[in-house]
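Read through the structure below, which is laid out as structure tokens, and then see the notes.
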Amino acid sequence: MKVTMTVNGRAVAAEVADRTLLVHFVREVAGLTAANVGCDTSSCGSCTVLLDGQSVKSCTVLAAQADGREVVTVEGLASGPDELHPVQQAFRDEHGLQCGFCTPGMVMAAVSLLTENPRPTEEQVRSGLEGNLCRCTGYHNIVRAVLAAAGAMEGMEQR
Amino acid sequence: MIPAPFTYRRAWSVDEALELAGQGGDDAKFLAGGHSLLPLMKLRFAVPEVLIDIGRLGELSFIRDENGSIAVGALTSHHDLATSGLLARELPLLAHAAGCVGDPQVRHRGTIGGSLAHGDPAGDLPAVILALDATLVARGPTGRREVGAAEFFRGLFETALAPGELLTEIRIPKPRDTAWSFQKFTKRAIDWAIVGVAVQGGSVALVNMGPAPLRAAAVEQALAGGAAPADAAAHAAEGTSPVDDINADRGYRQHLARVLVARALAESRTRT
């Protein structure tokens, strides 16, 4: 079937098999390989992208279900090549990653979380990231990064 | 891991969905959020030949106050249930339990109708719907019918829905007794409940204590007879037939049911 969606602001269209998963569309058709296939069973969250602004596990969404919709991956977050999104900057500043495999999904889950709850408590950050596993178990710095990003984004809004 | 090949059809109305289901016959399945069905298809536990995507039927996504009851569209996501101000006021049990399903990503995609139609005894919402004495509305080739929650869940992944019939709406009477609690025992954050308990007033329903969600009838009778909550909870395992599996054996689950029902009843009484 013909599937067309907006990926990071760019229209991407392709004829794909009906059973094509969104993660494969994003990686192989749109050529954006940040979203990882980790567990492939909607447990680990490495494949998390935004679908119409909400975090989803793209290994458990058909490309056909995203037809006509807007997808954002971690590659589409920054406003320019020299500027990171506040969540990306906070992950860098707080060392919110070790091997980096979970990071694209973790960042997108954090962006979705902060959209829904701009000033989360530490406990809300931890429960808000329940759907993302870090096998390096670097959770403390990830939580710290999300809290720092919340503060930075609030500061930007006030300016 | 991708599903076996199938034909994807997209419905733009309930009527069209029913028509497509009729054309697809026994090998067609409705696809809502897909968070139960797609994992099963990837593992080849389900191999439908036709998927009818009902995910764009906006007419089935709503939460409405209709005098004495709350009407919830089958396609309403767990996220929308969990963040609904109306539900927080009128049916906090449902709002809270929906917020305990899976994780945020799952709650963005998963729907109440999908969860109920899937009929997994480990699912959270079937027991909640049972405790709330809801009525389920289905539409099929022969018209519309209503099924009480007590008659809806028939067994392991088995419901009262006939082939080609679509769950469209859940109608929940506003509870007279506002005491409520939801207990979910898991080993890790996003696991299914090893055992769960939903309490609304004197109604008590159990997650994962048999092939289908069930009411803890002996507990309810004891409560109705004036027993103290802690004494009533001692009856929680009566009439249950939980499985032995990798997470827990039968005796452990029965013990958990007694403990969690006691906790649920105690917590619920702080909310009247």
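Just name the residue that is farthest from the other protein chains (Cβ to nearest Cβ) out of those in region A:104-159 that are among the basic types (Lys, Arg) and assigned to a helix (DSSP H, G or I). Ranking the candidates gives A:Arg144 first.
For region A:58-65, the condition of being more than 9 Å from chain B (Cβ to nearest Cβ) and not in a helix (DSSP H, G or I) holds for none of the residues. From the list A:His95, A:His140, the one residue that fits, being in contact (Cβ under 8 Å) with a residue 12 or more places away in the chain and either under 22 Å from A:Ser58 (Cα atoms) or not polar (S, T, N, Q) (or both), is A:His95. For residues that are more than 20 Å from B:Val101 (Cα to Cα), in contact (Cβ under 8 Å) with a residue 60 or more places away in the chain and assigned to a strand (DSSP E or B), tally how many sit in region B:138-166. Matching residues across region B:138-166 total 3. Pairs meeting the criteria (first residue in region B:1-17 and more than 7 Å from chain A (Cβ to nearest Cβ), second residue aromatic (Phe, Trp, Tyr) and surrounded by 19 or more Cβ atoms within 10 Å (Cβ to Cβ), beta carbons under 9 Å, at least 6 apart or on different chains) are B:Ala11/B:Phe30; B:Ala17/B:Phe30. Has region A:86-109 got any residue that is within 30 Å of B:Phe6 (Cα to Cα) and buried (at least 21 other Cβ atoms within 10 Å of the Cβ)? Scanning region A:86-109 turns up at least one residue that is within 30 Å of B:Phe6 (Cα to Cα) and buried (at least 21 other Cβ atoms within 10 Å of the Cβ). Name the single residue that is surrounded by the fewest Cβ atoms within 10 Å (Cβ to Cβ) among those in region A:35-55 being in contact with a strand residue (DSSP E or B) (Cβ under 6 Å, 6 or more places away or on another chain) and polar (S, T, N, Q). Looking at the filtered set, the residue picked out is A:Ser42. B:Ala160: outside the structural domain of B:Ala131 (by TED's automatic domain parsing) and surrounded by fewer than 23 Cβ atoms within 10 Å (Cβ to Cβ), yes or no? Against the criterion (outside the structural domain of B:Ala131 (by TED's automatic domain parsing) and surrounded by fewer than 23 Cβ atoms within 10 Å (Cβ to Cβ)), B:Ala160 does not qualify.
Among the residues of region B:37-51, those identified as at the interface with chain A (Cβ under 10 Å from one of its Cβ atoms) and farther than 13 Å from A:Asp18 by Cβ are B:Leu37, B:Pro39, B:Lys42, B:Leu43.
Tell me, please, whether a residue that is closer than 30 Å to A:Glu157 by Cβ and either within 10 Å of another protein chain (Cβ to nearest Cβ) or among the charged types (D, E, K, R) (or both) can be found in region A:17-27. Scanning region A:17-27 turns up no residue that is closer than 30 Å to A:Glu157 by Cβ and either within 10 Å of another protein chain (Cβ to nearest Cβ) or among the charged types (D, E, K, R) (or both). Given the conditions (1) out of contact with any helix residue (DSSP H, G or I) (no Cβ under 6 Å at 6 or more places or on another chain); (2) more than 13 Å from every other protein chain (Cβ to nearest Cβ); (3) not in a strand (DSSP E or B); (4) not hydrophobic (A, V, I, L, M, F, W, C), and given that A:Thr4 satisfies all but one, which numbered condition is not satisfied? A:Thr4 satisfies all of (1) out of contact with any helix residue (DSSP H, G or I) (no Cβ under 6 Å at 6 or more places or on another chain); (2) more than 13 Å from every other protein chain (Cβ to nearest Cβ); (3) not in a strand (DSSP E or B); (4) not hydrophobic (A, V, I, L, M, F, W, C) except (3). When B:Arg44, B:Arg64, B:Arg9, B:Arg89 are checked against the criterion of being at pLDDT 95 or above, under 21 Å from B:Ala138 (Cα atoms) and out of contact with any helix residue (DSSP H, G or I) (no Cβ under 6 Å at 6 or more places or on another chain), a single residue qualifies: B:Arg64.
Among the residues of region B:79-105, those identified as over 19 Å from B:Asp133 (Cα atoms) and either in contact with a His (Cβ under 8 Å, 6 or more places away or on another chain) or of a type in the set (A, V, I, L, M, F, W, C) (or both) are B:His79, B:Ala82, B:Gly99, B:Cys100, B:Val101, B:Gly102, B:Pro104. A single member of A:Val7, A:Val87, A:Val107, A:Val3 is modelled with pLDDT of 95 or more and under 17 Å from A:Leu133 (Cα atoms), and it is A:Val107. Of the helices (runs of 4 or more DSSP H) that lie entirely inside region B:169-272, those containing 2 or more residues that are of a type outside the set (Gly, Ala, Ser), touching a residue at least 40 places away in the same chain (Cβ under 8 Å) and in contact with a Phe, Trp or Tyr (Cβ under 7 Å, 6 or more places away or on another chain) span B:250-268. Here B:Leu51 meets the list (1) farther than 19 Å from A:Ala63 by Cα; (2) touching a Phe, Trp or Tyr at 6+ places or on another chain (Cβ under 9 Å) almost entirely, failing just condition (1).
The values are calculated or read from the model by the stated rules, or taken from the named source; none is laboratory data. Owing to the predicted nature of the structure, the values given are computational and were not obtained by experimental measurement. Here the Cβ is made from the backbone with ideal geometry for all residues, glycine too, and neighbour counts use every protein chain on show.
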